[in-house]
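Encoded as structure tokens, the structure appears first; notes follow it.
Laboratory data are not the source of any read-out in this text; all were calculated from the coordinates shown. On a predicted model such as this, the values are computed, not experimentally measured, just so you know. Every residue, glycine as well, gets a Cβ built from its backbone with ideal geometry; the counts of neighbours run over all protein chains shown.
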Amino acid sequence: MLLKSNHIYFRALEPFDLELMYDIENDTEVWKISNTIHPFSKDVLLQYLQSAHQDIFTNKQLRLVICLNDTSEPIGTIDLFEFDPLHLRVGVGILIFKNFRKNGFAQEAIELVKLYSKKVLLMNQLYCNISSSNEGSIFLFEKCGFIRIGIKKQWNRIEKNQFEDEILYQLLL
């Protein structure tokens, strides 16, 4: 099964994920990596969940919940975004909940999404954008074979007059 590996599996978003999504989208620590500047209401998130059943060809994005094989407990999410079926590329982003980090789950999820992207979506490449201060994500994606291909200088404003570079990574599948 292409959506399952040794310790984790991916599943689609379900209506009962409303509280999970509410917690993720309104966590101000996550805002730094998702470029969010305001909270999301449960109503807005419910509308998103109701359209999440549409496939990646329609929405150009896909969010999957990462769950433990043993307990089915959600431990994070993985997003495919800016899906481009013409040029066969898609962006990838991942969030592992704090209490599940440093257990190898993120690397396992990236490896699983690489396989899914190549075998099911028939993608030629994955890419990601990482803030230069996000050392954990830089280490993760480089460990998974992504290559640094560029730096967007002063790309993200992090304080009133302070900016941070963003690094562009790519992986040819």
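Distant-in-sequence amide contacts of G76, defined by a placed amide H-H separation under 5 Å and a gap of 5 or more residues or a different chain, comprise I66, F97. Amide H contacts of W155: E164, D165, E166, each under 5 Å away and 5 or more positions distant or on a separate chain (H built 1.01 Å from N in the peptide plane; Pro and chain starts excluded).
Using a Förster radius of 30 Å, what is the FRET efficiency between L173 and S72 based on their Cβ-Cβ separation? Nearest 0.05, please.
0.55
The N59 and D23 beta-carbon pair, evaluated with R₀ = 30 Å, returns a calculated FRET efficiency of approximately 0.85. The gain in end-to-end length when the I151 to E135 segment is fully stretched comes to 4.3 nm, 0.36 nm per residue minus the alpha carbon separation. So, R0 is 25 Å and r is the distance between the beta-carbons of K119 and E14; what FRET efficiency does that work out to, to 0.05? It comes to 0.55.
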